[in-house]
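S.K.: Before we start, here is the structure in question, set down as structure tokens.
No lab work stands behind these numbers, since they all come straight from the coordinates. The structure displayed is predicted, hence computed values, not measured ones. Neighbour counts run over all protein chains shown; Cβ positions are idealised from the backbone, glycine included.
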Amino acid sequence: MSARAGHPQTPMLELRGVRAAYGRIEVVHGVDLEVPAGSVTAILGPNGAGKSTMLKVVCGLLPATDGDVIVAGRRVNGATPDQLARAGLCLIPEGKGIFPNLTVRENLRMATYTGRSLASIEERTYQRFPRLGERRNQLAGTMSGGEQQMLAMARALATDPALLLLDELSMGLAPIIVEELYAAVAEVAREGVAILVVEQFAQTVLGVADRAAIMVHGEVVASGPPGELARDLAAAYLGGDGGTRSPDGAAIR
């Protein structure tokens, strides 16, 4: 199974009527979604909307109770996380997911299992994130939150993913760092990677997203181009008083 083997017009990720539950409690109710290659799709919504649970289903960490998960045209229900990772899926979870007691260089060395040399990984990383080059011998856990998130993204990109999943990339970070990270996200998408971003805070991600969807109570209640979505949902979902707002109250631009 390879996520790179699909037809160019085939969405890299497609969810058809996906449902998921924790025990008897269903938290994702029939989600339909498409993520084309070379694009950024943003899933927005408040805490408890089911966004992270949906990512767990895509990654094979939680089985879908109904519906189809399709990667590059192939149904992957029941595939294990390691099988999906080998197919080109990569998740950057909320909380960064780095090794804090290793240096930046040692963290990057962990990605050499893919067959790429450390030198090539470092070259690509420091070109994209010059700040990490300045801190290559620093323990990752002593860096700022933004720098740690850069390292998490660099490690993910070292695996050469076809589909990159980002869970709350902006959580706890200063706006200027978030803007820098999402500029990198847009650049990665231009290189052909399909990117699915789950965010509670809408403002910056909508600036780079090709498509967006609002998820509330386990359902996608609206989707479309970010500009249209912001206008159409201002009154109905986000408190339209002339200024469109995200579920957390931040203005959407």
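S.K.: Over all Cα pairs of segment 96-159, how is the pair count split among 10 Å bins, expressed in % and running from 0 up to the last occupied bin?
M.R.: Calculated over all Cα pairs of segment 96-159, the distribution is 26, 63, 11 percent.
S.K.: According to the Cα gyration tensor, what semi-axes, each the square root of 5 times an eigenvalue, does the equivalent ellipsoid of segment 1-90 have, listed from largest to smallest in whole Å?
M.R.: Square roots of five times the eigenvalues give 21, 15, 11 Å.
S.K.: Suppose R0 equals 22 Å. What FRET efficiency, 1/(1 + (r/R0)^6) with r the Cβ-Cβ distance, do residue 61 and residue 217 give to the nearest 0.05?
M.R.: 0.55
S.K.: A further question follows. Contour minus end-to-end for residue 102 and residue 24, with contour as 0.36 nm per residue of separation and end-to-end as the Cα-Cα distance?
M.R.: 24.0 nm
S.K.: Moving on to the next point. Quick one: putting +1 on the C-beta of Lys and Arg, -1 on the C-beta of Asp and Glu, what dipole do you get for segment 42-181 around its Cα centre, in Debye to the nearest 20?
M.R.: So the dipole magnitude of segment 42-181 works out to roughly 340 debye.
S.K.: Considering the options 170, 224, 140, tell which one lies farthest towards the positive end of the dipole of segment 84-241, charges being +1 on Lys and Arg and -1 on Asp and Glu at the Cβ, about the Cα centre.
M.R.: Going by the Cα projections, it comes out as 140.
S.K.: Taking the Cα centre of segment 96-159 as origin, work out the dipole magnitude from +1 charges on Lys and Arg Cβ and -1 charges on Asp and Glu Cβ, in debye rounded to 20.
M.R.: 80
S.K.: Return the Cα extents of the chain along principal axes one, two and three, sorted largest first, each rounded to a whole Å.
M.R.: So the three principal-axis extents are 50, 42, 36 Å.
S.K.: Suppose every Lys and Arg Cβ carries +1 and every Asp and Glu Cβ carries -1, with no other charges. What dipole size does the chain come out with about its Cα centre, to the nearest 20 debye?
M.R.: Using only the charged Cβ atoms, the result is roughly 620 debye.
S.K.: How much length is gained on full extension from residue 119 to residue 144, taking 0.36 nm per residue of separation minus their Cα-Cα distance?
M.R.: That works out to 6.6 nm of additional length.
S.K.: Of 86, 105, 24, how do they rank once you tally other Cβ atoms within 10 Å and put the fewest first?
M.R.: 24, 86, 105
S.K.: Now a separate question. Go through 80, 159, 60 and say which Cα lies farthest out towards the positive end of the charge dipole of segment 60-161; charges sit on Cβ, +1 for Lys and Arg, -1 for Asp and Glu.
M.R.: About the Cα centre, the residue reaching furthest to the positive side is 159.
S.K.: Here is a further query. What is the list of residues in segment 40-59 whose amide nitrogen lies under 17 Å from a point 7 angstrom out from the Cα of residue 16, following Cα to Cβ?
M.R.: 58
S.K.: Here is a further query. With an 8 Å cut-off on Cα pairs and a minimum separation of 6 or more residues, tell me the relative contact order of the chain in percent.
M.R.: Relative contact order here is 26 percent.
S.K.: Considering the options 22, 97, 110, tell which one lies farthest towards the positive end of the dipole of segment 1-154, charges being +1 on Lys and Arg and -1 on Asp and Glu at the Cβ, about the Cα centre.
M.R.: The listed residue farthest towards the positive side: 110.
S.K.: Another one. Based on the Cα gyration tensor of segment 134-193, what are the three equivalent ellipsoid semi-axes, each the root of five times an eigenvalue, rounded to whole Å and given largest first?
M.R.: 20, 15, 10
S.K.: Ok, one more. Please state the relative contact order of segment 31-139 as a whole percent: Cα pairs under 8 Å, 6+ residues apart?
M.R.: The value is 16 percent.
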